[in-house]
1. Could you check region B:87-115 and list, in sequence order, the residues that are of a type in the set (D, E, K, R), within 23 Å of B:Leu23 (Cα to Cα) and open to solvent by 40 Å² or more (accessible area, probe 1.4 Å)?
2. Take the residues in region B:198-222 that are out of contact with any Lys or Arg (no Cβ under 6 Å at 6 or more places or on another chain), outside any loop (DSSP other than H, G, I, E, B) and under 19 Å from A:Arg395 (Cα atoms), then tell me which one is farthest from the other protein chains (Cβ to nearest Cβ).
3. When region A:9-39 is examined, which residues are found to be buried (at least 21 other Cβ atoms within 10 Å of the Cβ), hydroxyl-bearing (Ser, Thr, Tyr) and within 12 Å of another protein chain (Cβ to nearest Cβ)?
4. Residues of region B:304-335 being open to solvent by 10 Å² or more (accessible area, probe 1.4 Å), among the β-branched types (Val, Ile, Thr) and under 18 Å from B:Asn370 (Cβ atoms), which ones?
5. Report whether or not A:Asn43 is under 30 Å from B:Val280 (Cα atoms), outside the structural domain of A:Gly381 (by TED's automatic domain parsing) and open to solvent by less than 20 Å² (accessible area, probe 1.4 Å).
6. Just need a number here: residues in region B:223-240 that are within 14 Å of chain A (Cβ to nearest Cβ) and out of contact with any strand residue (DSSP E or B) (no Cβ under 6 Å at 6 or more places or on another chain).
7. Quick check on my filter: what residues within region A:74-107 are of a type outside the set (Ser, Thr, Tyr), farther than 27 Å from A:Glu127 by Cα and surrounded by 16 or more Cβ atoms within 10 Å (Cβ to Cβ)?
Amino acid sequence: MSKKAVVLYLHAHQPFRLRHYTIFDAAKQHNYFETENDYDYDNKRIIEKVANKSYIPTNRKLLDLLNKHPGFHVNLSLSGVFLEQLEKWSPDTLKSFQELVKTGRVEIASETYHHSLAFFYNREEFEIQVEMHRKKIKELFDVTPTVFRNTELAYNNELAEWAESAGFKGILAEGWDPVLGWKTSNYMYRPAGTKNIKLLLKNYKLSDDIAFRFGNKDWNEWPLTADKFTNWLNETKDAELFNLFMDYETFGEHQWEDKGIFDFLEHWPAKWLENSENTFMTFSQAIEAFEPKAEVDMPNTITWADAERDLTAWIGNPMQQQAIKALYDFSQKVIDTNDWDLIEDWRKLQTSDHFYYMCTKWFSDGDVHAYFSPYKSPYEGFINFMNTYQDLRFRLSEKGAEV
Amino acid sequence: MKVLMLGWELPPHNSGGLGVACLQLSKALAKSGADIDFILPYSSDEKYEFMRVTSAQPKNVKSIFKSQAYDSYKYILQDGKEVSVSIADQQQAYEIAVGEIIKGKEFDVIHAHDWLTFRAGLRAKQQTGKPLIAHVHSIERDRAGGKHGNPLVREIEYTGFMMADRIIAVSGRVKKMIAEDYSIPEDKIEVVHNSIDQSFLEPLDTNNAYKYLEYMKGQGWSVVVNIGRLTIQKGLPHFLRAAGEVAKFAPKTFFLIVGDGEQRDELIELAAEQGIADRVIFTGFQRGKNWRDAYSVADLFVMPSVSEPFGLTPLEAVAYGTPAMISKQSGISEVLQNCLKVDYWDEHEMANQIVGLLQNSSLRDELHQNAYREYERMSWSKAANQLMDIYRSHTEKVFA
């Protein structure tokens, strides 16, 4: 029997949050992302805070693990807007990522530079953003990604077909039971309608045990120890690989250090590797090692978010739908200006977080998601975004566009 | 004529039109010979040369701060402690404090503005036997957007109307509603229309705060504005649905919504549902220049109120160069002739007339010019004279 592999994948991203931007700023100043006067939105402060709590200590742990255990491998995705902010405000963090990649046992996935939903609105723009990301990764890490992950893990058959035609070897998606049916996420698959590309499906139960439930004292499995988690994996008979996909910020930011998340990260890989049948793999290694078990058909878009696993957190309500449509309706006009500052501002406005802040799904229960929004309410997020949109219209008009 | 004036707010601490009306009316009354003691329910350092302003506060209270809206007050006690007080308690505290303050004062008549001061007014009447004039700027049905509203507030209004010597309504519409809702005989109610004092309106400067909108107007866009609280009474959902229709015929139109209130989030969602989220701009609450310039940047001001006892904003719009559309369900429609008038519920007609005006600059200019002439003729002196007559009829009694 072949080895059982864990494919550990951490997604790191920070948006360029908008400053408090009023209609009185429109047509006067275009500095949407200069947030130094807005404590709650301040991009530099947030990068520095999360670097201290999460990126720096986690990368140190990961590097230790790589040095200690030859069988340890890890995968990352780093959005372009995130890397840009590290270059500006946290070069040490960037360096620590570069050191990880230098080991040759850390693989980086491809994605859109701006962490956008462009795939669903403007294919040409989407491809440009993927290319921008490829260049950035090449420049900073001297590697070229061969596995694709779309923003929010938003996936459907069409995306897989695109990824195959764009030359990717693999693609990531949520392993959502209602779609998989009898299949489990613990094998390699082939997307419907493709020939060569392989599909890695997130094992959301095991992933979320770490990402969401780890620090929850009301969870009946709390506390989650390295032994317990390793046992769960070992006891799973029907499996070749465990795709543990989660936000990078799980370590130290979503789950705090005092809850023991770093101890877990240190001890669990060692525990898993105690059994010589077990290993960790990069995406590419897994794609090399495992053949598709079956075809997976996902005509409808599936994401890794919420109980619904759809895009409703970003484009579920009319505010979000209108805001994103209005932005993409400007596409051609923005590109035609050849004004790179304007084009880049427009792209940064495409970052999915801006639309997420307008989500009203949970607003009435006032709950955990509020943690991830700088705004007091989704309505304020909407007003702020639309004011920058109005200014974008002004800039287009000044360039002679009919708006 | 010595007048004890009981009011809930005065500019610059006002949350709406009530404070503006009280201030401008008091000034005109003073000019007509009234000697006014104005009692406020909060601490204010603001000086007014034409009347004495006192703040009514209980003995153990050092100062009272008013929040922007009507709903809460912060009390700083003598010992430095801070307490937050609801409007019901604030009303009672005001009543008690007024009862104390008037012990050292002499006056001929008590003039109380709206239900919030009615209990204090009744206490003053009880203590001194002086006539009580109840001045009605709005009733509960107005504020509840045509619905029944708060029964406790209605009870205070009812008691005030029954016990007052005279009731002043700011429009014929309010008079009719008082008679209907509270079974008060119409001859107890006198209509004294509000007006506008031009000297209170600060002039515009040459630099409009809405630079973006000015620019876009140069690109062929139009601006339709509403200024006011975002609350059920003001009828804004009707306006936004009309706006959705306007956008089909005149797509280059901005709808500028200036103000804040409990309906804001609902209105934002409604704008999105209408498919015009990219053309509706919510500025939040604005004062001073940003407030004035909102009137002047617009091509048309719309007041779609479900129930507006008077409605000063259309006159302000006219003063700042913009014609107005008003709902027929407003007191101002009794005094302002040169404006567009629609039923607040007739969204189709509202849209029709907005488009008509936006597409016809001669209509726009003519409407504004004529409205401006009406505005120039307006003054509070007529209201002041009416009120002085009413004071006299209650103080110079035939029977001793």
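The values are calculated or read from the model by the stated rules, or taken from the named source; none is laboratory data. As the structure is a prediction and not an experimental result, all values here were calculated from the model. A quick note on method: Cβ atoms are made from the backbone with ideal geometry, for glycine too, and the neighbour counts reach across all protein chains shown. These accessible areas exclude ligands, DNA and RNA; they are computed on the full protein's heavy atoms, side chains included. Shrake-Rupley method; radii C 1.70, N 1.55, O 1.52, S 1.80 Å.
1. B:Lys105, B:Glu106, B:Asp108
2. B:Ser222
3. If the condition is that a residue be buried (at least 21 other Cβ atoms within 10 Å of the Cβ), hydroxyl-bearing (Ser, Thr, Tyr) and within 12 Å of another protein chain (Cβ to nearest Cβ), then A:Tyr21 is the only one that fits.
4. B:Val335 - this is the single residue of region B:304-335 that is open to solvent by 10 Å² or more (accessible area, probe 1.4 Å), among the β-branched types (Val, Ile, Thr) and under 18 Å from B:Asn370 (Cβ atoms).
5. yes
6. 1
7. Residues satisfying the conditions are A:Trp89, A:Leu100, A:Arg105.
Quick grid of which residues meet (1) surrounded by 19 or more Cβ atoms within 10 Å (Cβ to Cβ); (2) closer than 18 Å to B:Ile168 by Cβ; (3) of a type in the set (S, T, N, Q):
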position	(1), (2), (3)
B:Trp8	yes, yes, no
B:His13	no, no, no
B:Ala21	yes, yes, no
B:Ser26	yes, yes, yes
B:Tyr48	no, no, no
B:Ser63	no, no, yes
